[in-house]
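Working notes for the structure below.
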Amino acid sequence: MFFFFFFDNEKKLKDKQIELHYLSNTISYGKEKNDGNEFFDSHGVLEKQNSKDESDNEFKESDFKRLISEKIRKTIYGEKYSNIVFLAGAGASVVGGNPNYGKTVKMIADDIFEKLHDIDKLYTLEELAEMCRYKDGNILDSIESESSGSPTLDIGFNLEDFLSVLFHFRPYVSENNKTKFNNTIQKILKLIKENTNYSYDSKVLKHGALLKFLSDLSGKDGNKFSIITTNYDVLIEEAAEENNFVIFDGFNFTPLPKFDSNMFEWNLVKEVQNINTREVEYKEKTFNLVKIHGSLTWEKRDNGDIVRKNRDNITDTDKMVMVFPSSDKFAQSYQEPYFELFTKFQELIKRPNTLLISSGFSFADDHISKMITQALKNNSSLKLLVTDFNIDPNRQWDEDEKKYTEIKEGQSQYNKNWSELVHLMDEGYPVSFLKATMNSDLVDYLSGRYLNDKD
């Protein structure tokens, strides 16, 4: 595993205590996890070089960030890309310490569990699990439930698998229970929508700053950048509106916008007053937004048309255009409009001279992950920068032992797709990893802010 790049002869277990902050096939940087006062690269402890002031020989956090920023700058500006693609996963909506944003699937499952207990006319998750024989009905943490005196959902409960079982079981529900069963499923889907329905706030979210950076990086002359997201929320749309961006999201510009995937191929231009050359000028601040799992604002009409509406006006769960978390996501991706959206994403990362940056995407989704790894193998001019709060997910920090333990292949927490990306990096493919999050320091790293920091 890649954390063995780090070594320290005086401390044999040092590699067990280093938190990775940057990883590439040429050099890696990490930080001592316990106190954070020691910094490392692939060769050992980092020390200040050629300091004129002997009182300033200490290697500081600012020095560490500057080194990483230099590597990021080479990736971002090392060549002129003709295609910029940004992949935003669930982590892109997370704000550290603020529970109103970026709820995990586990947090959503706990909320559903609690809310269903408060509604007498609906089934609880335990009752549903028993009906469809999911885990033989055993979805509670028996120890925690006994100690707290109230039922508690097991930490290993998988909402995606559970929903898949419910959807498959639905045709076999008895007539006496069918209404209550369907009402419960509708309530679950509405709770998922509520838990992913955030409003943009520029004071805590940095989507606007990201849009400005990507726009500057893409340049002019109609070279639109593209944002691909698995999120249902409208944070990107609201940030774009606040910062005067024009979005091409696959919908036409009619009063009730209707889905038309050809819209991605268009741009906005105006004629320049030159009768000889008939030049055109492209509208600045435009980009493609490809929401591959659907959106809170999309609705499927009875005639099959998919329209974009105000999110508060869509209440019928059967008409929502959202790939709800379930193990059937792969099959759903072949339905309209998801097939067209996935095809657009695949086409974008096949283009020459492409930079793909991911933020908050865990690579747990096999379908999307395979598309990216195949693109890396077949598109020699594709570069990938993976950014996340943890770029080392196959190690787990043991707070009691104060060291990392390896998550091995075959364990349920093992991220095989992430491991494949690391393997490709080791093989020489242009993949690098950065510990950074959308709403903390990602834009600072991308824009080179730390290069001139003195402290």
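The values are calculated or read from the model by the stated rules, or taken from the named source; none is laboratory data. Here the structure is a predicted model, which is why all the values come from computation and not from measurement. Cβ placement follows ideal geometry from the backbone for every residue including glycine, while neighbour counts extend to all protein chains displayed.
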**Q.** 1 or more residues on the phi > 0 side of the Ramachandran plot and either modelled with pLDDT of 95 or more or within 19 Å of the chain's Cα centre (by Cα) (or both): qualifying helices (runs of 4 or more DSSP H) within region 364-450
**A.** none
Q. Counting only residues that are in contact (Cβ under 8 Å) with a residue 12 or more places away in the chain, within 17 Å of LYS180 (Cβ to Cβ), in a helix (DSSP H, G or I) and of a type in the set (D, E, K, R), how many does region 101-127 have?
A. 2
Q) Among (1) surrounded by 12 or more Cβ atoms within 10 Å (Cβ to Cβ); (2) assigned by TED's automatic domain parsing to the domain that holds LYS180, where does SER147 come up short? A) (1)
Q: Could you please find all residues in region 134-190 being assigned to a loop (DSSP other than H, G, I, E, B), of a type in the set (Gly, Ala, Ser) and closer than 23 Å to PHE324 by Cα?
A: GLY156
Q: Just give me the residues in region 218-252 being at pLDDT below 95, closer than 23 Å to GLU281 by Cβ and not hydroxyl-bearing (Ser, Thr, Tyr), in sequence order.
A: GLY219, LYS220, ASP221, GLY222, ASN223, LYS224
Q: Among residues belonging to region 268-324 that are part of a loop (DSSP other than H, G, I, E, B) and hydroxyl-bearing (Ser, Thr, Tyr), point out the one that is nearest to THR196 (Cα to Cα).
A: THR315
Q) How about region 312-352: which of its residues are among the charged types (D, E, K, R), modelled with pLDDT under 90 and within 24 Å of the chain's Cα centre (by Cα)? A) ASP328, LYS329, GLU336
Q | From ASP120, ASP136, ASP110, ASP141, residue being farther than 26 Å from TYR172 by Cα, out of contact with any Ser or Thr (no Cβ under 8 Å at 6 or more places or on another chain) and of a type in the set (Asp, Glu) | A | ASP110
(Q) For a quick check of your reading of the model, give me the residue pairs whose first member lies in region 196-214 and is in contact (Cβ under 8 Å) with a residue 40 or more places away in the chain and closer than 27 Å to TYR81 by Cβ, whose second is in a loop (DSSP other than H, G, I, E, B) and of a type in the set (A, V, I, L, M, F, W, C), with beta-carbon atoms closer than 9 Å and at least 6 apart or on different chains. (A) LEU205/MET438; LYS206/MET438; HIS207/MET438; LEU210/MET438; LEU211/PHE245
Q) Given the residues SER295, SER261, which is the only one that is surrounded by fewer than 19 Cβ atoms within 10 Å (Cβ to Cβ), within 28 Å of LEU189 (Cα to Cα) and not acidic (Asp, Glu)? A) SER261
Q. Looking at (1) without any contact (Cβ under 8 Å) to a residue 24 or more places away in the chain; (2) on the phi > 0 side of the Ramachandran plot; (3) not aromatic (Phe, Trp, Tyr), can you tell me which one ARG301 breaks?
A. (2)
Q. Only one of (1) modelled with pLDDT under 90; (2) more than 18 Å from ILE407 (Cα to Cα); (3) not in a loop (DSSP other than H, G, I, E, B); (4) not basic (Lys, Arg) is not met by TYR29, so which one is it?
A. (1)
Q: May I ask you to list pairs of residues, at least six apart or on different chains, whose Cβ atoms are under 6 Å apart, with the first in region 417-438 being touching a residue at least 40 places away in the same chain (Cβ under 8 Å) and of a type in the set (Asp, Glu) and the second being surrounded by fewer than 21 Cβ atoms within 10 Å (Cβ to Cβ) and in a helix (DSSP H, G or I)?
A: GLU420/THR373
Q) Based on what the data block shows, is TYR414 crowded, with 17+ Cβ neighbours inside 10 Å, over 30 Å from VAL204 (Cβ atoms), touching a residue at least 12 places away in the same chain (Cβ under 8 Å) and not assigned by TED's automatic domain parsing to the domain that holds ALA239? A) no
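Has region 37-44 got at least one residue that is more than 31 Å from the chain's Cα centre (by Cα) and assigned to a strand (DSSP E or B)?
yes
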Q) So ALA129 clears everything in (1) farther than 26 Å from GLN411 by Cβ; (2) over 22 Å from the mean Cα position of the chain (by Cα) except one condition, right? Which one? A) (1)
(Q) Considering only residues that are modelled with pLDDT under 85 and in contact with a helix residue (DSSP H, G or I) (Cβ under 6 Å, 6 or more places away or on another chain), which ones fall in region 50-82? (A) none
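Condition check ((1) surrounded by fewer than 15 Cβ atoms within 10 Å (Cβ to Cβ); (2) free of Cβ contacts under 8 Å to residues at least 12 places away in the same chain; (3) closer than 28 Å to LEU163 by Cβ; (4) over 16 Å from the mean Cα position of the chain (by Cα)) across all residues:
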| site | (1), (2), (3), (4) |
| --- | --- |
| ILE188 | no, no, yes, yes |
| ILE192 | no, no, yes, yes |
| ASP216 | yes, yes, no, yes |
| THR230 | no, no, yes, no |
| LEU235 | no, no, yes, no |
| ASN244 | yes, no, no, yes |
